[in-house]
Amino acid sequence: MMDYRRSKRQKVVFYSLILLNVIARAYAALYMIISDCDETFNYWEPLNLVLRGFGKETWEYSPEYAIRSYFYLMPYAIVSIPLKIARMFVEFPDYYYFYWIRSVGLCGFTSLSEIFLASKAARYVSVDVGNWFLLLSSISTGMSHAGVALLPSSFAMDCVSMATGYAFAAVSEHNVSDFVVSLSWFFVGGVVGWPFVLALGVPFGLYLIAANISSFERLAKITSGFVPRALAVATAIALVDYCFYKRSIFVPLNIVLYNVFGDEGEGPEIFGVEPFQYYVLNLAVNFNVVALLGYLGSVLNPIFWDKRNVALVGITLPLLLWSFIFGSQAHKEERFLYPIYPLLLLSASLFLVMLFRSSKWTLNKVIRNRPASKLLNRFAIATFILSTAVVSVLRTVNLVENYSSPLTVAKALADNNADPRVPINVCIGREWYHFPTSFFLPEDHRLRFIKSGFDGLLPGDFRELPGLGGLFESARAIPFDMNNKNQFSASKLTDFSECSYYIDNNQTTDKTSGEPDVFYDPVESQNWSTVKCEKLINPDGHSGWGRLVYIPRFARQYIPYDVEYMEFCLLKRK
């Protein structure tokens, strides 16, 4: 075992960074936006079905296609059990489930995996590297919204952190158990989370074979330790999904088949394509200069870092492999990069430690005054930390300030006074992709879509049947008029006259879309009263720096904020 002890000062620094991380994740759980409608309709809605018996259903959950696993939702359903018990004694709005799952199930696991990886990096690489990683991870905007997202790619990201921590130990000490546990975390991240994450384990797997090829006994022990765990996880997934789909399927395989071998008119490209710079810009706004340092480090760390195998196998190869695979795909989404966020931050951390050690040595040689050179180097480190932290925090606050109104407005539904004798339909049109989740709807409310300019396939409704047996029957039922080609279906729409509530922005509507104008049409506007409105950045409006980062009010006279907002509103039929 490697000799590893922290000094009293190092312990204070590390525990302070843990506190910073917990505060950052708690803030994200309470305030961070839902940045992807796929999170709402493919994960929060089916989870609402599991916990509350209703929700919107996408084509991915149709038993005809079955490319979403119910097993992924089970940990979050289990996390909700204490809240269900509390509900027997205390009354509270249903959206508490949303924030509880975010706080405990999502951010809780993310924080745990970050702290774990930081401690392993400190033990097997350098204390400074562990500290830098935990600092950069805690303040980064990318981790703030990736860590709180109910998405398989986010779960996979946390599993990659756990797997990488054990990989550091395995590469450093060659313990059989570390090899087994690291492989197991990669496997769980792939089959429970996102199958493509298995590619990140390939460099470690090849290293495992190369490092143990001379010992058949060690390879046999690693294999005999890993295979039963993998079979147990795969069997559990297959059994749970059989209960819901009533089919013997392995959903991770279905996901790969659809995305890689889909027929003409299928596959991810039908949902849009982006140029390569899409990922460059996303990394820039989510990590600022840290992203650049991470990729510089991926090239230089294995060359100059003394623990070359750890840097190469644990960070550089998987980071570059993933970047190449997904950078070359036509369909790009921000969440596709989530699994490499920890690796990018680790790479940047190694590079920064190497950079500041080199600058300290250089200053000693140039100035020839050890106290002065030490002070200058500390000043450079402090300046970097402060500037990076300020930009990152302002970007995170910007997302909450400019885009969180769908969450805050939806809370007003819990305090409605609608007539319980009639169906309570909460309708939405052109803003459908901003709807947070049915966890914000009271038990007798249902989300409905009305006609708008959107011409893709909208989600339908799960059948509502009572009890556990009813839940399985709802999941097994083949929904009406679904397709996997994103083709519009009018059957998913509700007539506007049946709406009790309406969610919309206050911009004029496109008359050709057939969507009502409840704000400016003199006849229609008389039928509606405003329940609550919050500002939301206007995607078609002009804006300055305020679209990228939050500019404090006192600084707006010096920096052009210049953001154009619209109102995001909940309206009630009179």
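Note on A232 and S497: the model spin-label points, each 7 Å out from Cα along the C-beta direction, lie 6.0 nm apart. The C-alpha atoms of the chain define a longest principal axis, and helix 152-173 lies at about 10 degrees to it.
Using R₀ = 45 Å, calculate the FRET efficiency as 1/(1 + (r/R₀)^6) where r is the Cβ-Cβ separation of L375 and D444; round to 0.05. Working from the Cβ atoms, E equals 0.10. Each helix, a run of at least 4 DSSP H residues, gives -39500 (n - 2.57); summed and divided by the residues of the chain, these come to -16500 deg cm²/dmol at 222 nm. Cysteine residues of the chain whose Cβ has no partner cysteine Cβ closer than 4.7 Å: C37, C107, C159, C243.
Principal-axis analysis of the Cα atoms of the chain puts helix 216-245 at an angle of about 10° to the longest axis.
Less than 5 angstrom separates the built amide H of K532 from those of L570, all sequence-distant by 5 or more or on a different chain. Here is the tail figure for segment 102-182: Cα pairs spaced more than 16 Å apart come to 51 percent of all pairs.
In this simple spin-label approximation, F92 and Y65 carry label points 7 Å from Cα along the Cα→Cβ vector, and these lie 3.6 nm apart. Rounded to whole numbers, the Karplus 3J(HN,Hα) couplings from phi for segment 333-343 are 9, 4, 5, 5, 8, 3, x, 9, 4, x, 5 Hz, using 6.51 cos²θ - 1.76 cosθ + 1.60 with θ = phi - 60°, and x at Gly and Pro. Taking other C-beta atoms within 10 angstrom as a stand-in for reagent exposure, D241, D481 fall in the order D481, D241, fewest first.
The order of V290, V285, going from fewest to most other C-beta atoms within 10 Å of their C-beta, is V285, V290. Go ahead and run the numbers for FRET between E274 and Q507, Cβ-Cβ distance against an R0 of 22 Å, rounding to 0.05. It comes out at approximately 0.30.
Listing W432, W44 from fewest to most neighbouring C-beta atoms within 10 Å gives W432, W44. Output the 0 to 90 degree angle, nearest 10, between the alpha-carbon long axis of helix 107-124 and the longest principal axis computed from the alpha carbons of the chain. Around 10 degrees separate the two axes.
Between I385 and C37, the distance separating the two model label sites (each 7 Å from Cα on the Cα→Cβ line) works out to 4.3 nm. V12 label point, 7 Å along Cα→Cβ, cut-off 18 Å on backbone N: hits in segment 381-397? Once the point is set 7 Å along Cα→Cβ of V12, 382 turn out to lie under 18 Å by backbone N, inside segment 381-397. Recomputing Rg and Dmax of the Cα atoms in Å from the coordinates shown identifies the correct label among [x] 26.2, 115; [y] 26.2, 77; [z] 25.4, 84 as [z]. Take 62-73, 7-18 and order them by the average number of nearby Cβ atoms within 10 Å per residue, most first; the result is 62-73, 7-18.
With a Förster radius of 51 Å applied to the C-beta separation of A199 and A490, the computed FRET efficiency comes to 0.80.
Amide H contacts under 5 Å for R448: V426, C427, I428, restricted to partners 5 or more places along the chain or on a different chain, H placed in the peptide plane at 1.01 Å from N.
For segment 447-458, backbone phi angles converted through the Karplus equation (6.51, -1.76, 1.60; θ = phi - 60°) give residue-by-residue couplings of 7, 10, 9, 10, 4, 8, x, 6, 10, x, 7, 8 Hz, Gly and Pro being listed as x.
Computed from the coordinates by the stated procedures, all read-outs in this text should not be read as laboratory data. These numbers were taken from a predicted model, which means no experiment stands behind them. Positions of Cβ are generated from backbone atoms using ideal geometry, with glycine treated the same way; all protein chains shown enter the neighbour counts.
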